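The values are calculated or read from the model by the stated rules, or taken from the named source; none is laboratory data. Computed from a predicted structure; not experimentally measured. No Cβ is skipped: glycine too gets one built from the backbone with ideal geometry, and neighbour counts run over all protein chains shown.
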Amino acid sequence: MESLKFDLAATPLREVNQYLHSPASELNGKHVVIDNPNGAHNIAVGLKSDIKVTIDGHAGYYAAGMNQLANVVVTGSAGTGVAENMMSGVVHVKGFASNAAGATAQGGLLIIDGDAGLRCGISLKGADIVVGGSVGSFSAFMAQAGNLVVLGDAGEALGDSLYEARLFVRGEVKSLGADCEEKPMDDEARQILVDLLAKSGHADVSPDSFKLYGSARTLYNFHVDNAGAY
Amino acid sequence: MSDTPKTPQTQPRFSATFDPYTLSEIRRAAATGIYDIRGAGAKRKLPHFDDLLFLGASVSRYPLEGYREKCGTDVVLGTRFAKKPIHLKTPVTIAGMSFGALSGPAKEALGRGASAVGTSTTTGDGGMTPEERGQSSILVYQYLPSRYGMNPDDLRKADAIEVVIGQGAKPGGGGMLLGQKISDRVAKMRCLPKGVDQRSACRHPDWTGPDDLEIKIAELREITDWEKPIYVKVGATRPYFDVTLAVKAGADVVVLDGMQGGTAATQEVFIEHVGIPTLAAIRPAVQALQDMGMHRKVQLIVSGGIRNGADVAKALALGADAVAIGTAALVALGDNDPRLESEYQALGTTAGAYDDWHEGKDPAGITTQDPELMKRLDPVKAGRRLANYLAVMTMEAQVIARACGKSHLHNLEPEDLVALTVESAAMAKVPLAGTSWIPGQVQY
């Protein structure tokens, strides 16, 4: 795999992102390493080719935002909104992730080895997120589709106003949000969990140790008798 | 026959406080237990552009010949940072309205009408449709809290990006598209089950304040390689501070929407009681730009109750660079047309007052996803009507500008205006007609 290195301490972010937006025919199959990210925001956003990018250190807000096709690894931790609105590809954070990780993501896989902050998977629209640690409060708020797997614990109001996303949690859930309830783990959901654990480096973890949460669907159409739920 | 004189009767007297509308709303609330939801903007009487008048040229000013001398109308938006600013032939643009709230033919007609006169149209919640992109020569892509249908490929296809923070009809509120309008296509675009009530978030999911907004705008610029103008749209509440923060966050253009600006659906109480009138919002917004030395560098688009060329001219004279229309554009397409009166009556309303746009039963085929109703709107003919209307608005604004001696609409200024009421004089910061008095301003 052809490899190329950028040093963000010496090269402006604009130049790096512009290169990463080169036509897919020029980038496909390449490996780009970004040194000295030092928490810079908006690294490797808007990628749209089959490229591997390693951000060697900590990234700021929106790392790999709106990713399409690319495989992005953050060796350190990532700031708010990592892989927000991802469409496809894989984003792997080896450290921790801040708030709104994977917000509104529509496709692809976000792997976070450590913990994720508040609102992980907020408004999720079809992507898969696997968090090796715990997630903060209000995670999967209004999540519409996709899967959130949490190997640790979940904070308050998990899955508030949930639509059709599936939430798998192995540890404790501090509280469930409005219209979120525990569901029986059927074969389809179990297989999805097994596949996601395997893809995210957790093949050794038993799917039987997780509980599944989903929408009770009582708030799908407004009724005044449910007003107290809001 | 009695000789006793008849005691005179006083007329039945209605309360100004408990007027017939208020009484009917109390009865409706008592019967249903739910607040009233409707479309459109504030309907109450508000200080507005009608309360301002232009001072035409006379001895002290020199007018331009009405049919001879040029009066420019073009505007360039996004000159601050964008590599590719957009150039409009008229300062009247089409405000954001979603496919979902509006039918496909209605969105197509908006694109056709706007493109015919060289102006822009704007997407809405739910994303961009191919028909809309195809028919809009200049298309602004809204980036909304819900991110329904938000797609980076569409972001790159857009001519400009509008980060929506709020709208005049419901500043601080999210959206609602009731289940009856969530058709198969709308459900697919928004990644929702068919028939559910779609709730749109009131806050963006991945940023929470002006410092975050600056990073978000930088992200959008990075993704689009700094080509597209980035607008920030706010509902009018604290325009001085909101405009200041939007400019500090890096906006190329600020869109300021007063409380007369329409919505597809929200609570009546929200529409009528939250936010400030368009007239009251413009001068503080312009003042903010001037205080930062950014007036005319960051462009200001004003919307909310713009109806004719006089409104356009007045908004521009107060310092706006352009205006946007929504409700008026729908009327030009055919909304609330009296020829459909019998059908409006069947819906319990009357032409001119129909605002249950969220129910999807629009007999004009505009605010609906019903396949049969949609067929009623011919997008080519409706687009032509909109183009005609936009052309008339532009010409009307030119008539006024020439009378004031201006060779471009942007040369209109507050000094060309006077106010008819104390309230409008205070809000617009122009003198009460026949006086030099601007309420709230100290005369030295």
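Okay, here's what the table says:
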| item | result |
| --- | --- |
| Residue satisfying all of: in region B:34-45; assigned to a loop (DSSP other than H, G, I, E, B) and either surrounded by fewer than 20 Cβ atoms within 10 Å (Cβ to Cβ) or within 14 Å of chain A (Cβ to nearest Cβ) (or both); modelled with the lowest pLDDT among these | B:Ile34 |
| Some residue of region A:121-139 being under 21 Å from A:Leu219 (Cβ atoms), part of a loop (DSSP other than H, G, I, E, B) and more than 11 Å from chain B (Cβ to nearest Cβ) | yes |
| Residue list for region A:113-136, restricted to those being over 26 Å from B:Asp153 (Cα atoms) and either at pLDDT below 95 or not acidic (Asp, Glu) (or both) | A:Gly114, A:Ala116, A:Gly117, A:Leu118, A:Val131, A:Gly132, A:Gly133, A:Ser134, A:Val135, A:Gly136 |
| Of all residues making up region B:143-162, the number that are under 21 Å from A:Leu124 (Cβ atoms), crowded, with 24+ Cβ neighbours inside 10 Å and not aromatic (Phe, Trp, Tyr) | 5 |
| Matching residues in region B:166-197 - criterion: being touching a Phe, Trp or Tyr at 6+ places or on another chain (Cβ under 7 Å), buried (at least 23 other Cβ atoms within 10 Å of the Cβ) and under 21 Å from B:Ser103 (Cα atoms) | B:Arg190, B:Leu192 |
| Per-region count, region B:91-133, residues modelled with pLDDT under 95 and on the phi > 0 side of the Ramachandran plot | 3 |
| Residue within region B:97-111 that is buried (at least 24 other Cβ atoms within 10 Å of the Cβ) and more than 17 Å from B:Met374 (Cβ to Cβ) present | no |
| Only one of B:Gly149, B:Gly134 that is of a type in the set (Gly, Ala, Ser), within 14 Å of another protein chain (Cβ to nearest Cβ) and either assigned to a strand (DSSP E or B) or more than 30 Å from B:Cys71 (Cβ to Cβ) (or both) | B:Gly149 |
| Any hit, region A:92-100, residues being within 9 Å of the chain's Cα centre (by Cα), in a loop (DSSP other than H, G, I, E, B) and at the interface with chain B (Cβ under 9 Å from one of its Cβ atoms) | yes |
| Subset of region B:351-377 (residues that are over 23 Å from the mean Cα position of the chain (by Cα) and loosely packed, with under 15 Cβ neighbours inside 10 Å) | B:Pro371, B:Glu372, B:Lys375 |
| Flag if A:Ser88 is touching a Leu at 6+ places or on another chain (Cβ under 7 Å), surrounded by fewer than 24 Cβ atoms within 10 Å (Cβ to Cβ) and either facing another protein chain (nearest Cβ under 10 Å) or not polar (S, T, N, Q) (or both) | no |
| Residue within region A:149-162 that is within 14 Å of chain B (Cβ to nearest Cβ), modelled with pLDDT of 95 or more and either more than 22 Å from B:Arg203 (Cα to Cα) or within 18 Å of the chain's Cα centre (by Cα) (or both) present | yes |
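For (1) without any contact (Cβ under 8 Å) to a residue 12 or more places away in the chain; (2) of a type in the set (Val, Ile, Thr); (3) surrounded by 14 or more Cβ atoms within 10 Å (Cβ to Cβ), each residue gets a yes or a no:
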position: B:Ser24; (1), (2), (3): yes, no, no
position: B:Thr32; (1), (2), (3): yes, yes, no
position: B:Pro47; (1), (2), (3): no, no, yes
position: B:Leu53; (1), (2), (3): no, no, yes
position: B:Arg61; (1), (2), (3): no, no, yes
position: B:Pro85; (1), (2), (3): no, no, yes
